[in-house]
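Worksheet: one structure, shown below.
The values are calculated or read from the model by the stated rules, or taken from the named source; none is laboratory data. Just so we're clear, the structure is a prediction, and the values are computed from it rather than from any experiment. Cβ sites come from the backbone with ideal geometry, for glycine too, and all protein chains shown count toward neighbours.
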Amino acid sequence: MSDTPHSAQTSAPGEGGFRRFLRATEIDPRLLGMLGALLLIWLGFHLYGALVLGEGSFLTPRNLWNLSVQTASIGIMATGMVLVIITRNIDLSVGSIVGVVGMYTGLLQVEWLPPSMGLGNPMIWIIAVVFGIALGTLIGWFHGLLIAYLAIPSFIVTLGGLMMWRGMAFLASSGRTISPVDTTFALLGGGPYGSIGATGSWILCAIACAGIVWAMMRGRAARKLHGFALRPMWAEYVVAGISAGLVLIATLIVNAYPWPKGILKDYYAKLGQEVPEGAFVAHGFAYPVIIMVVVVLVMTVLMTRTRFGRYVFAIGGNPEAAALSGINTRAMTVKIFALMGGLAGIAAVIASARLNSATNALGDLDELMVIAAAVVGGTSLAGGVGTIYGAIIGALVLVSLQTGMVLIGFGDGSYRKIVIGVALVLAVYLDIVYRKRIK
Amino acid sequence: MTKENRGTPLVELRDISIAFGGIKAVDHVTVDLYPGEVVGLLGHNGAGKSTLIKCLSGAYKKDSGQILINGQEVEINDPRDARAQNIETIYQTLALADNLDAASNLFLGRELVNKWGFVDETKMEAETRKIMGRLNPNFKKFNVPVSALSGGQRQSVAIARAVYFNAKILIMDEPTAALGPHETQMVAELIDELKRQGLGIFLIEHDIHSVMKLCDRASVMKNGQLVGTVNVNEVTDDDILGMIILGKKPAKAA
């Protein structure tokens, strides 16, 4: 190879081995910190279960699979909240948008469409999904207009939205629960049938690993083209190896979680067969999780590889400078809130599909979880700083705390709220300490 | 050297007025600028210099008057219009996004994209390294947010942004206010070089000595109105100070 591998910055003498490792691999230490915290929480719940209750039930394929599904709707919204908070805004209305969108998509597919299209028409779920995303986008766009062009603070606009859309959700059905939703639509919420199975998961795993290698080779080629410092080859292998390893572990876990007996019976009964001896059908990745991964990829590309993403960061860093650079900051604000609304629409589809019903309480208090997820994931309320992957890890941390407390027998709401509240403040404090130290 | 025998001015701001809530920040002011010339804009704080110049850079929209570029009247409604006319501005505040690195700031609003429309980060960094190598060879911090840079380094990023895009008209709002002596000298040399390349430069400056050294002409404003424009080599420091403080044009330069 003609290029000389050396790290971007010259390594300082006396630097510890771990620091040198981080520098060579260019891994964000905050990412490691967040993953470490997540792992600690998981181990903590598992060990508590194992030692105190006699059965560790957190680090089991079943619980981790459930965790992935439960994180999907919060995680999807948290990726949008990152943009909102980076631009020094806030969106308190996302939980209520989930409520109102869930309710209207529920009414659409249960009461409005079936009489004319026929119950179970394969177009119904598609229309419902498109409608849900469009309605969410429209609501977000409307909020954005009020914030950008009438200069009403986002806190106020979305606080108003929080109350108003929740009220609309109730009025839309006079408080009734709309159930059950279209059977195909319900698959988007996960469950044994709402997953892609073992083979599909392995195919996804292979695609993801190929994607990781491709992305790293492309990055290396681009650096070489302009004669920039390259990561040493061993660092490239380590980063690629760890990333692919995590994908592999996730695949192994979801493929180790079998369908429960009842579902097996139901499945084979439909085929007109007896359940074979020792039948094992794996769940594989659930649809909502796949949707979340796609959202994360799209949002990451949007934030790091497009002008739109650049402008989001620039507006957060210095709104005046952004405007003087010819960026239409008002239009950007409208787009960001519309995007946030659209993501809340997707979350509403997943949440109502998972419940197999639309209730006016759907998404209640989600806004707090979503904001907390973004902030725990390192998004700064002062603006200008935040990452998509951080928000997802933040969502995982919070949902882990929530479900973990239930698993170890502290399921009643009060303990959960205390723990999550403490975790939020602690996470932000640790982040402040970290930022001070790197300065 | 009188302006009549130099053909069409590069920029003519004719009879510009702008008011904020009844206060006339700029009141029927006319100034012009020729290629290869530095025109100093002077006056007290609040005299209207920055406001006048923001009408040219697109940050404000004039209430009345005309802006002519090479004799053609143009409409400048926002910073993009100004950039389209090859007008670049170095603001007093520098207008940098502190959380972004030098390359991101340099190309802010004009990012280089590849054939798929994605931002070409490595190419932008390579271009930034090239221009910074020319303007400020000591500049090495390409991968940190500009908040981590010194005042002079930040200034060179702001200057690089104005110079990179082939400005024909450059507006500098107190470019040396935050700089040390060495860096001030670098800016002075840069202004001379850009002048030789045929750029027209509006320089807002408080320091009379810098004005005498760098500018060809000086336009003095007071309370939103133009006191007068003088050829710098025909007047003394005291004449200009008199214009700034008393609002009186010296008799001999009339």
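Observations on the model:
- Members of segment B:52-81 that are in contact (Cβ under 8 Å) with a residue 60 or more places away in the chain and within 30 Å of residue B:241 (Cβ to Cβ): B:52, B:53, B:56, B:57
Conditions tested, residue by residue: (1) crowded, with 16+ Cβ neighbours inside 10 Å; (2) closer than 24 Å to residue A:389 by Cβ; (3) among the charged types (D, E, K, R).
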{"position": "A:231", "(1), (2), (3)": "yes, yes, yes"}
{"position": "A:238", "(1), (2), (3)": "yes, yes, no"}
{"position": "A:245", "(1), (2), (3)": "no, yes, no"}
{"position": "A:249", "(1), (2), (3)": "no, yes, no"}
{"position": "A:252", "(1), (2), (3)": "no, yes, no"}
{"position": "A:256", "(1), (2), (3)": "yes, no, no"}
{"position": "A:264", "(1), (2), (3)": "yes, no, no"}
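- Residue that is nearest to the chain's Cα centre (by Cα) [pool: residues in segment A:7-27 that are modelled with pLDDT of 60 or more and within 14 Å of chain B (Cβ to nearest Cβ)]: A:26
- Where a residue in segment A:141-157 is exposed (fewer than 15 other Cβ atoms within 10 Å of the Cβ) and its partner, wherever it lies, is of a type in the set (Asp, Glu), with Cβ under 8 Å and at least six apart: none
- Scanning segment B:62-82 for residues that are out of contact with any strand residue (DSSP E or B) (no Cβ under 6 Å at 6 or more places or on another chain), in a loop (DSSP other than H, G, I, E, B) and away from chain A (no Cβ under 13 Å) turns up B:70, B:71, B:75.
- Residue in segment A:57-76 that is more than 24 Å from residue A:192 (Cα to Cα) and among the hydrophobic types (A, V, I, L, M, F, W, C) present: no
- Every pair of residues 6+ apart whose Cβ atoms lie under 6 Å, when the first sits in segment A:230-243 and is touching a residue at least 40 places away in the same chain (Cβ under 8 Å) and farther than 10 Å from residue A:212 by Cα while the second is of a type in the set (A, V, I, L, M, F, W, C) and part of a helix (DSSP H, G or I): A:232/A:24; A:235/A:24
- Check on residue B:127, at pLDDT 90 or above and farther than 19 Å from residue A:311 by Cα: yes
- In segment A:164-185, the residues that are surrounded by fewer than 22 Cβ atoms within 10 Å (Cβ to Cβ) and small (Gly, Ala, Ser): A:167, A:172, A:173, A:174, A:175, A:179
- Between A:71, A:79, A:87, the distinction of being within 30 Å of residue A:258 (Cβ to Cβ), modelled with pLDDT of 95 or more and of a type in the set (S, T, N, Q) belongs to A:71 only.
- Residue in segment A:357-377 that is farthest from the other protein chains (Cβ to nearest Cβ), counting only those that are touching a Phe, Trp or Tyr at 6+ places or on another chain (Cβ under 9 Å) and not hydrophobic (A, V, I, L, M, F, W, C): A:360
- Residue satisfying condition, being in contact (Cβ under 8 Å) with a residue 40 or more places away in the chain and more than 15 Å from residue A:81 (Cα to Cα), within set A:426, A:365, A:401, A:381: A:401
- Matching option when the condition is assigned to a strand (DSSP E or B), touching a helix residue (DSSP H, G or I) at 6+ places or on another chain (Cβ under 6 Å) and away from every other protein chain (no Cβ under 12 Å), among B:39, B:26, B:31: B:26
- Hits in segment B:97-112 - residues which are under 19 Å from residue B:166 (Cα atoms) and of a type outside the set (Asp, Glu): B:102, B:103, B:104, B:105, B:106, B:107, B:108, B:109, B:110, B:112
- Entry remark, segment A:271-303: residues being at pLDDT below 90 and in a helix (DSSP H, G or I) number 1 in total.
Every residue, every condition in (1) within 14 Å of another protein chain (Cβ to nearest Cβ); (2) over 27 Å from the mean Cα position of the chain (by Cα); (3) surrounded by 16 or more Cβ atoms within 10 Å (Cβ to Cβ), yes or no:
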{"residue": "A:268", "(1), (2), (3)": "no, yes, no"}
{"residue": "A:286", "(1), (2), (3)": "no, no, yes"}
{"residue": "A:298", "(1), (2), (3)": "yes, no, no"}
{"residue": "A:313", "(1), (2), (3)": "yes, no, yes"}
{"residue": "A:317", "(1), (2), (3)": "yes, no, yes"}
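- Any hit, segment A:340-359, residues being under 30 Å from residue A:218 (Cα atoms) and buried (at least 21 other Cβ atoms within 10 Å of the Cβ): yes
- Residues of segment A:252-270 classified as outside any helix (DSSP H, G or I), among the aromatic types (Phe, Trp, Tyr) and out of contact with any Gly (no Cβ under 9 Å at 6 or more places or on another chain), total: 1
- Subset of segment B:83-92 that is touching a Leu at 6+ places or on another chain (Cβ under 9 Å) and at the interface with chain A (Cβ under 8 Å from one of its Cβ atoms) - its residue that is surrounded by the fewest Cβ atoms within 10 Å (Cβ to Cβ): B:91
- Single residue of segment B:93-102 satisfying the filter (facing chain A (nearest Cβ under 7 Å) and at negative phi) that is surrounded by the fewest Cβ atoms within 10 Å (Cβ to Cβ): B:98
- The residue that is surrounded by the fewest Cβ atoms within 10 Å (Cβ to Cβ), among those in segment B:103-151 that are of a type in the set (Ser, Thr, Tyr) and more than 10 Å from every other protein chain (Cβ to nearest Cβ), is B:150.
- Taking the numbered list (1) in contact (Cβ under 8 Å) with a residue 24 or more places away in the chain; (2) facing another protein chain (nearest Cβ under 8 Å); (3) farther than 19 Å from residue A:226 by Cβ; (4) surrounded by fewer than 21 Cβ atoms within 10 Å (Cβ to Cβ) in turn, residue B:168 passes all entries but (2).
- Condition broken by residue B:114, with the remaining ones in (1) over 21 Å from residue B:191 (Cα atoms); (2) touching a residue at least 60 places away in the same chain (Cβ under 8 Å) satisfied: (2)
- Within segment A:89-130, being surrounded by fewer than 17 Cβ atoms within 10 Å (Cβ to Cβ), part of a loop (DSSP other than H, G, I, E, B) and touching a residue at least 24 places away in the same chain (Cβ under 8 Å) holds for one residue alone: A:120.
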